[in-house]
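The values are calculated or read from the model by the stated rules, or taken from the named source; none is laboratory data. Since we're looking at a predicted model, the values are computed, not measured. No Cβ is skipped: glycine too gets one built from the backbone with ideal geometry, and neighbour counts run over all protein chains shown. Surface areas here come from the heavy atoms of the whole protein model, side chains and all, with no ligands, DNA or RNA. Shrake-Rupley method; radii C 1.70, N 1.55, O 1.52, S 1.80 Å.
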Amino acid sequence: MNDLRIERAWSEEQLADWRAVHNTIIPTAVLSPDEVRERAGRNVLDVAYLGDVAVGCSTVRPPDEETAAATVIARTLPGFRGRGFGTALYERGLAHARTLSDEGVETVVLASNGEGLRFALARGFLEVERYVLPGDTVPFVTLRLT
């Protein structure tokens, strides 16, 4: 893990890397470059690199009108899981999320991502809601850190 570095996604290249990881992990909610740029304006988007290869990404969302909790989502590409990269992304995101809200921390995982759900549950998150986006069939699972 010594070669792992996590960077804030600011440049077009970093945003493209963030988008590629996101769209691989969440194929039911593929984002365009414009949508990613918009998200980068309101959320903290980080990319994890192993050498020059993007292996994961994370999102930290501040509280909003839907939830008083901050949200942290860590994603690691399947070929790089089980090596601590997701944990590094999660811990960095969690530290920031805790500065944004005294109302707790949530995460969101696509229900078909069993590894992601196990990751969240192993860190003390409990399921609080499932919802399906318009036109989708696979639900997202909202979990709250206990």
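Would you list 17, 3 from the most to the least accessible area, probe 1.4 Å? Kindly include the intermediate steps, with their values, before the conclusion.
On the way: 17 40, 3 110 Å².
The residues order as 3, 17, largest area first.
Where nothing but the Cβ of Lys and Arg (+1) and of Asp and Glu (-1) is charged, how large is the charge dipole of region 2-90 around its Cα centre, in debye to the nearest 20?
Computed charge dipole of region 2-90: roughly 320 debye.
Which percent, to the nearest 5, of DSSP beta bridges fully inside the chain are antiparallel? It would help to have the intermediate numbers written out before the result.
Numbers: 29 of 31 bridges.
That works out to approximately 95 percent antiparallel.
Under a 5 Å amide H to amide H cut-off, with H placed in plane at 1.01 Å, what residues pair with residue 55 once short-range neighbours are removed?
Sorted by chain and number, the residues that satisfy this are 48, 49, 50.
Any idea what the relative contact order of the chain is, in percent, if you count C-alpha pairs under 8 Å spaced at least 6 apart?
Details: 276 pairs, mean separation 26.9, N = 146.
Result for the chain is 18 percent.
Mind listing P(r) for region 16-91? All alpha-carbon pairs, 10 Å bins, whole percents.
In order of increasing distance, the bins hold 19, 50, 27, 3 percent.
Before anything else, pin down the relative contact order of region 73-128: Cα pairs under 8 Å, at least 6 apart, normalised by residue count, whole percent.
Values: 26 pairs, mean separation 15.5, N = 56.
It rounds to 28 percent for region 73-128.
Taking the Cβ of residue 58 as the centre, find all other residues whose Cβ is under 9 Å away and add up their charges (Lys, Arg: +1; Asp, Glu: -1).
On the way: positive: 75, 92; negative: 46.
Summing Lys/Arg as +1 and Asp/Glu as -1 gives +1.
Out of residues 5 or more away from residue 111 or on other chains, whose amide H comes under 5 Å of its own, with H placed 1.01 Å from N in the peptide plane?
The answer is 140, 141.
Determine the calculated [θ] at 222 nm for the chain from helices alone, applying -39500 (n - 2.57) to every DSSP H run no shorter than 4 residues and normalising by the residue count; nearest 500 deg cm²/dmol.
Details: 4 runs with 49 residues, N = 146.
After summing the helix terms and dividing by residue count, I get -10500 deg cm²/dmol.
Could you give the Stokes-Einstein D for the chain in µm² per second, using the C-alpha Kirkwood radius, 4 °C, 1.567 mPa s? Could you put the intermediate results ahead of the total?
Values: Rh = 15.3 Å.
So the translational diffusion coefficient is about 85 µm²/s.
Rounded to two decimals, what is the ratio between the C-alpha radius of gyration of region 1-56 and 2.2 N^0.38 Å?
Working: Rg = 11.0 Å, N = 56, 2.2 N^0.38 = 10.2 Å.
Dividing the Cα Rg of region 1-56 by 2.2 N^0.38 Å gives 1.09.
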